[in-house]
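S.K.: Shown below is the structure under consideration.
The values are calculated or read from the model by the stated rules, or taken from the named source; none is laboratory data. Keep in mind that what you see is a predicted model, and the values were worked out from it rather than measured. Here the Cβ is made from the backbone with ideal geometry for all residues, glycine too, and neighbour counts use every protein chain on show. Side chains included, ligands, DNA and RNA excluded: accessible areas come from the protein's heavy atoms. Shrake-Rupley method; radii C 1.70, N 1.55, O 1.52, S 1.80 Å.
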Amino acid sequence: EGRRLKMSSNNDPVAIPMIERNPNDLPEMDTSDPKTLNGEAVLSFYNISYQETVHCDSLFCKKPHVIERLSNISGIMKPGLNAIMGPQDGNRSLLLDVLAARTDPRGLSGDILINGKPRPANFTCTSGYVQRNDVVMHTLTVRDNIEFSAALRLPMTMTRDEKGRRINEVLELLHLDKESNVKPRSKELEKRTSIAMELVTEHPILFLDDPTTGLDLNTSTDVISVLRRMSKRGRTIIFSIKQPPYSIFRFFDSLTLVASGKVMFHGPAQEALEYFKSAGYDYDSHNNPADFFLDILNGGFSALLDTEEDSHEAKHKELSDEHKELSERQHQVRVKIANMYAQSSLYRKIRTELDPLLGEQKSERSSALEEITCVTPFWHQFWWIFCRSFKNFNSSPWTTVIR
């Protein structure tokens with residue numbers, strides 16, 4: 001557990017300076033260069049709203065209608081572990097994708113800044129993103145998958161030896177060094193390989209969509225511990241997570257609770273419990289804080305399920321009535337909590353930090369529709385994709401032929 005990622009040399013053109021951070025400082029960073037995003041990164045967002053166009057398949061409803069999925073969301077994500085939690089309504093993953101520039105920009109309004117500057121058009125090339133459903137090639141080894149990511153996403157000025165050293169460091173960091181020549185078949189190995197493919201690039205901002213999904217408690221804790229060590233070196237780790245146990249929750253630096261498209265809480269994770277207790281919510285000291293927060297946002301869902309056994313039909317009717325009652329209660333509770341947060345000192349503090357950052361940036365807002373410039377040229381990417389496809393074919397030729 002005491003293993004650490006060795007720092008890159010000062011001659012490394014893409015090395016991220018691992019300095020002791022001051023949470024109140026916004027380090028300078030040049031976002032005008034389309035190929036680099038170095039140093040510590042502070043991501044701030046102001047009045048983010050996202051609308052989604054829904055097309056109706058019914059013969060009587062052909063006109064598409066617009067649904068507002070996110071409404072007036074503001075906040076700051078600094079170097080550290082920044083968790084986004086919420087009920088299972090898809091809002092936590094949507095907010096993560098909006099911040100990571102992985103949604104249709106036509107539905108987005110508001111400002112997203114990196115160190116006080118407009119988010120660059122090639123942000124997806126200068127930040128890491130680990131999907132919930134792991135994207136790895138199962139016919140290749142763990143090392144092959146990481147080498148592929150490094151070849152396409154690290155500058156060509158780096159030598160083969162430098163890339164090899166970085167790959168070995170990431171393998172050791174994620175405890176994959178003994179499994180580097182194994183094909184990632186298990187869910188656990190898939191997840192760690194997916195994270196390694198992003199860590200090898202050393203981007204200052206890393207997004208993860210539910211990184212503990214499908215993992216057991218020990219593996220989940222190990223993954224979060226690795227991310228925490230990376231965040232201590234100056235990385236801004238932003239991730240959505242479903243319902244973490246306390247052994248994982250205690251590592252969070254920042255917590256954002258989002259439900260029904262609105263922010264219920266945004267601030268230091270270790271202050272969230274006192275925030276809700278001071279608002280009058282009773283907390284059982286034996287309860288997991290994450291369970292406590294989600295119970296509040298769900299309108300006391302766990303209490304509704306604590307019913308005595310009854311006949312199937314009576315229970316079905318009772319559950320139907322409870323569902324209606326729950327939906328109404330959830331709506332009332334979430335409106336109340338969202339209004340409480342909007343009037344809180346936490347929100348005023350966030351606005352105090354955000355307002356100076358905005359300045360005249362609205363007129364300079366970068367468009368996600370601009371041309372995206374990647375760190376490696378097309379011919380280099382094509383060659384590596386061709387080589388990977390050839391390896392994949394050799395691993396399972398009959399499967400490829402049948403397909």
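S.K.: If R0 is 30 Å, what FRET efficiency do you get for residue 247 and residue 284 from their C-beta distance, rounded to 0.05?
M.R.: Plugging the Cβ-Cβ distance into 1/(1 + (r/R0)^6) gives 0.95.
S.K.: How much length would be gained if the chain were fully extended between residue 386 and residue 131, taking 0.36 nm per residue of separation minus their Cα-Cα distance, in nm to one decimal?
M.R.: Fully extending the segment from residue 386 to residue 131 adds 89.5 nm.
S.K.: What distance in nm separates the simple spin-label points at residue 277 and residue 63, each placed 7 Å from Cα in the Cβ direction?
M.R.: 5.3 nm
S.K.: Using a 1.4 Å probe on the protein chains only, how many percent of the accessible area of region 223-303 belongs to carbon and sulfur?
M.R.: Exposed carbon and sulfur together represent 49 percent of the surface.
S.K.: Report relative contact order for region 45-130 in percent, whole number only (criteria: Cα-Cα under 8 Å, sequence separation at least 6).
M.R.: Once normalised by length, the contact order is 34 percent.
S.K.: Considering only Cα-Cα distances, which of the following residue pairs are longer than 23 Å: 191/262; 277/349; 277/324; 78/232?
M.R.: In this structure, 191/262; 277/324 lie more than 23 Å apart at Cα.
S.K.: Hey, got a sec? Which trypsin sites (Lys or Arg not before Pro) in region 144-227 land in a DSSP loop and have at most 13 other Cβ atoms within 10 Å?
M.R.: 185
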